[in-house]
Every structure is written in structure tokens, then in C-alpha cells.
1. Specify the residue with the greatest mean-square fluctuation among T69, T80, T26, computed from a Gaussian network of the chain linking alpha-carbon atoms under 10 Å apart.
2. Taking the Cα centre of region 73-140 as the origin and placing charges on Cβ (Lys, Arg +1; Asp, Glu -1), which of V104, S138, V85 is farthest toward the positive end of the dipole?
3. What is the set of long-range amide H partners of A46 at a cut-off below 5 Å, with H atoms built 1.01 Å from backbone N?
4. Once the piece of chain linking S35 and T53 is laid out straight, how much longer is it, given 0.36 nm per residue of separation minus the C-alpha distance between them?
5. May I ask you to evaluate 6.51 cos²θ - 1.76 cosθ + 1.60, the Karplus curve with θ = phi - 60°, for each residue of region 121-126 and list the ³J(HN,Hα) values in order in whole Hz, giving x for glycine and proline?
6. Provide the gained length on full extension for the span V144 to S62, in nm with one decimal, where the gain is 0.36 nm per separating residue minus the Cα-Cα distance.
7. Between beta-carbons, use under 13 Å as the cut-off and find the net charge around G49, counting Lys and Arg +1, Asp and Glu -1.
8. Can you sort R64, R73 by how many other beta carbons sit within 10 Å, fewest first?
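Computed from the coordinates by the stated procedures, all read-outs in this text should not be read as laboratory data. Keep in mind it's a predicted model, so treat the numbers as computed, not measured. Positions of Cβ are generated from backbone atoms using ideal geometry, with glycine treated the same way; all protein chains shown enter the neighbour counts.
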Amino acid sequence: MNINTKISDLLINDQLLGSTQLDENTRKLLIENSSIVTFSKGELAAKPGLEVTHFALVIKGSFRVRFITGTGRDITLYHTRPGDVCALMMSCLLGGEPYPAECVAESEVVAMALPLAAFDYALEESKVFRRLVFKKYSQRLASVIARMEQLSSPDIDNRLACMLLELSNGEVQIKITHHELATEPNSSREVISRHLKQFESNGWIQLKRGKIDIKNIKALADICAE
């Protein structure tokens, strides 16, 4: 791991945290107090019991956040990609609890790291920063809930993947709404939407208004075959 002393203002950009909405004082605080942290592919960025001392935001690459069960099963909770925040990291920062999972670099990762004291100050002083951070946190938390639902109801994934393949009929785009999809596997629109968003997060599909683009037929076929 390599840490530089500062982060360039070029890295605090609209793609990362919507910095065009931040006031000048908060933007200056982030630039002066943040560092760049890099991880090589396969490197463990966090493990169970680790004290979380920095707020981190991915700039390049991705992390896989996983949980190893008592039986040795490796469960992927979610992936953290550019512009994302780690929901577990956020909860640990806010609650003062140790990190409960493993965070592994899936590729070379570059991230912004902000010390806890500066993070707390920015949250307290800037309403915009607070809103942007908690928006990203809520988005990631929603994906965690969807993932937990997937693990507890794997048959929905199976039926949904099979249905998408059937409806696509070899095409790369399906014209259908979430509500229409929910009528097929006898589920609710909310449940289907969460599973579809998880499929999208995995890179298997892309959701559009009234349409679904198939991005990874093999992944859907593998789930359908389970």
C-alpha cells in the first residue's frame, strides 16, 4: 500500500462526490486533508476486527467485500467501484465498530482517504457534503439488502435469469417493465427491482426505462442452470 501526503484537486471532481455542489471551504478541506491510497490486485484492504480510521472513496478499480462463514463459504456482499463508498466502512465510522468482513482489491485500486476527524468536521459543517455522503451510503445499503435477499431466496435469481433469457430470445434487449416481470415469478415489483439492480451491479444487465439490455448471457445462463 502506498500513501501520498495529499490528493490533487483534479481528483476531487464531479464524478467522485459531486464536488461542483460543494462550497469552497469544504472542497478545500477535502483537498488539504485527503490522501491517495493504492492497492494492488488481490491485496486485502480490510479484514474482520480492523479499526476504521478513514473515510474512503474509490477513484479507480474495484473492491470485493466478502464474508467468510463458519463453514468456510465465501459470500460476496457487494463490489465497491469508482464513486462508491463501502456501506460497512460507513457504519463502522459512524458507530465506532470494527470492520466485520474482508475487503479485497479486484484490480489495482486507487482511492481517496480522508481521516476520521476531517470527515466528522466536513459532515458537521457542510450540509451538501453530508447529503452527498449519505446518499451514496443509502444506495450501497440498498444493494446489501438486495444481496441478503438473494442469498435467502436464491430461487428468485434462478427464475429471473431464466425468464430474462427466455424473453430475450437471443436478442440483446428486452422491452418490459419491472411490474410486468414481477407477474411471472409470482413476486412483488419491489423484490424483482432489487434483484434486477443486483444483476446490473454485477454487470450482467443494464436497466433502462421500459427496457433491459443483456450484457452477460453466460452469467445468466449459469444462474438459470443452477
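1. Maximum among the listed residues: T69.
2. Looking along the dipole axis, the top candidate is S138.
3. Those lying under 5 Å, H to H, from A46 are C103.
4. 5.2 nm
5. With the stated coefficients, region 121-126 comes to 5, 5, 4, 6, 8, 10 Hz.
6. Answer, rounded to one decimal: 27.9 nm.
7. Local charge sum for G49: -2.
8. Listed from fewest to most nearby Cβ atoms, that is R73, R64.
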